[in-house]
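Chemist: Following this message is one structure expressed as structure tokens.
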Amino acid sequence: MDKFVVRGGNPLLGTIKISGAKNSALPCMAAAILTEGEIVLENIPQVRDIETERRLLTSMGAEVELGYGRAHHRTRIKCGILSDPVAKYEIVKTMRASSLVLGPLIARTGIARVAMPGGCAIGGRPIDLHIKGLEAMGATITQDHGYLEARSPNNGQGRLQGAHIVFDKITVTGTEDLLMAATLAEGETVFENCAREPEVSDLAELLNAMGAKIEGAGTSTIRVKGVAKLHGARHRINPDRIEAGTFLIAGAITGGDLNVTDCNPAHLGALIAKLEQCGVKLDVGKENIRVRSGGALKAAGISTEEYPGFPTDMQAQFMALATQADGATTVTENIFENRFMHVQELNRMGANITVQGRTATVRGRTALESAAVMCSDLRASASLVLAALVADGETILDRVYHLDRGYEHFEEKLRNVGAQIRRMGDVFTKK
């Protein structure tokens with residue numbers, strides 16, 4: 001099992017280029033199910049979840065070519081014949097986003113069989129909102145031996161029907177899944193209380209390029225006029241706002257001078273505001289952000305919210321930064337009920353963090369020390385690397401496969417700007 005070895009103490013200096021957003025790429029790959037035509041996606045990140053999605057689509061009968069030609073970040077998908085519209089458990093068990101194929105499968109083929117998503121380390125992500133929405137559109141859904149089996153009206157022979165759907169709570173994957181289903185439904189579908197994340201807007205842009213008629217993506221109300229058929233299209237995936245935010249914190253926590261390029265600062269408003277409250281100097285351009293040390297860091301509390309609020313996917317990384325800020329930082333997690341598992345590991349490195357319910361209090365500034373720590377999920381892994389960058393000595397991080405799910409060439413990008421980080425078995429270049 002891969003491990004990272006990180007020796008702290010180096011300020012990060014240089015430029016880091018941001019990859020495409022995994023959380024945009026996955027639903028856009030699922031959208032290819034909706035058409036027999038060819039979908040070409042550009043700026044696809046080379047991460048483990050993308051390979052899992054490729055395996056999933058291929059198992060259904062799709063042709064998927066990752067990184068074809070000279071373009072390593074381009075993917076071609078053609079779902080001409082979906083011979084086996086089943087999302088098998090042995091594939092989807094490692095990736096929660098697999099539920100995104102439910103809507104497009106039933107819309108395209110009239111039938112879908114999808115393994116029920118299991119538990120998640122950071123908390124439950126129930127699929128009930130997907131089911132409720134599809135049933136409102138006329139689908140019949142049953143559960144059998146750990147699988148959801150969905151059929152469109154007339155036992156899978158008819159089209160889904162337009163409906164008025166109000167989400168009980170804001171759900172990103174639920175919005176995306178039902179949005180895809182609605183594109184081929186008969187009539188108009190109106191969604192209210194939708195997720196407004198940039199990833200939803202990115203998906204809608206692709207779907208409209210495929211011939212869908214979607215209005216309002218990026219707002220709380222989305223209207224979809226169903227069409228009989230969609231066609232192929234080409235689309236460029238948004239830059240990854242969470243990767244960009246992670247590297248901004250890396251520059252800030254190490255007191256470095258880092259230029260984060262090929263990002264979209266408009267998607268990072270809540271994080272930028274908090275970093276500036278902490279005393280971090282940011283020069284915000286059109287497609288880049290330069291982060292520089294502004295002296296001593298100051299505490300600034302956060303409360304995670306749906307977009308455009310502070311993202312839950314940046315909570316763990318911000319907590320690592322808070323260990324180096326003067327004063328007490330309160331971190332309230334409102335999205336997932338079990339997203340403080342990194343706290344114990346940070347405390348093992350010398351942090352002073354206490355948790356009560358959904359709120360953690362970080363008392364800084366504390367001198368972090370190297371330790372052997374365990375990665376529990378994708379963003380927790382990133383937070384531990386950030387802490388290790390400023391810890392005294394050599395930190396060993398186990399189970400870094402979590403990181404590989406969502407960050408492309410993470411250690412290589414850090415090493416190129418001065419971090420001393422390697423996978424177990426490599427050799428540091430001493431300076």
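The numbers here are math on the coordinates, done by the rules we state, and not lab data. These numbers come from a predicted model, not from an experiment. Note that we place each Cβ from the backbone using ideal geometry, even for glycine, and neighbour counts take in every protein chain shown.
Chemist: How do D128, D257 line up, fewest other C-beta atoms within 10 Å first?
Modeler: Exposure proxy ranking, most exposed first: D128, D257.
Chemist: Place a label point 7 angstrom from the Cα of D398 along the Cα-to-Cβ direction, then list the residues of the stretch 1-43 whose backbone nitrogen is under 15 Å away.
Modeler: 1-5
Chemist: With all pairs of different alpha carbon atoms counted, what Kirkwood hydrodynamic radius in Å does the stretch 22-236 show?
Modeler: 16.7
Chemist: Further question: May I ask you to sort K413, K169, K22 by Cβ crowding, counting other Cβ atoms within 10 Å and putting the fewest first?
Modeler: So the ranking, lowest neighbour count to highest, is K169, K413, K22.
Chemist: Suppose every Lys and Arg Cβ carries +1 and every Asp and Glu Cβ carries -1, with no other charges. What dipole size does the stretch 1-65 come out with about its Cα centre, to the nearest 20 debye?
Modeler: 560
Chemist: Enter the Cα centre distance for the pair the stretch 289-328 and the stretch 27-71, rounded to the nearest angstrom.
Modeler: Taking the Cα centre of the stretch 27-71 as reference, the centre of the stretch 289-328 is 34 Å away.
Chemist: Going toward the positive end of the dipole of the chain, with +1 on Lys and Arg Cβ and -1 on Asp and Glu Cβ, which of T94, A371, A21 do you reach last?
Modeler: The listed residue farthest towards the positive side: A371.
Chemist: Give the lysines whose C-alpha is closer than 28 Å to that of K229, dropping any in the same chain fewer than 8 places away, or say none.
Modeler: Candidates past the 8-residue exclusion: K22, K78, K88, K132, K213.
Chemist: Could you point to the label whose value was computed as semi-axes √(5λ) of the Cα gyration tensor in Å for the structure here, given (i) 34, 25, 18; (ii) 39, 22, 20; (iii) 37, 25, 18?
Modeler: Computing semi-axes √(5λ) of the Cα gyration tensor in Å and matching it to (i) 34, 25, 18; (ii) 39, 22, 20; (iii) 37, 25, 18 gives (ii).
Chemist: Once you order the gyration tensor axes a ≥ b ≥ c over the Cα atoms, which shape class does the stretch 93-215 get: rounded for a/c under 1.5, otherwise prolate or oblate by comparing a/b with b/c?
Modeler: Judged from the Cα gyration tensor, the stretch 93-215 comes out oblate (a/c at least 1.5, b/c at or above a/b).
Chemist: Calculated from DSSP H runs of 4 or more alone, at -39500 (n - 2.57) each and per residue, what is the 222 nm mean residue ellipticity of the chain, nearest 500?
Modeler: Theoretical 222 nm ellipticity from helices: -8500 deg cm²/dmol.
Chemist: For the chain, give the magnitude of the charge dipole about the Cα centre (Cβ charges: +1 Lys/Arg, -1 Asp/Glu; no others), in debye to the nearest 20.
Modeler: The calculated dipole for the chain is roughly 640 debye.
Chemist: Compute the longest continuous run of the chain that contains no exposed chymotrypsin sites (Phe, Trp or Tyr not before Pro); treat a site as exposed when its DSSP state is not H, G, I, E or B and it has at most 13 other Cβ atoms within 10 Å.
Modeler: With chymotrypsin sites (Phe, Trp or Tyr not before Pro) excluded where exposed in loops, the chain gives 69-427 as its longest stretch.
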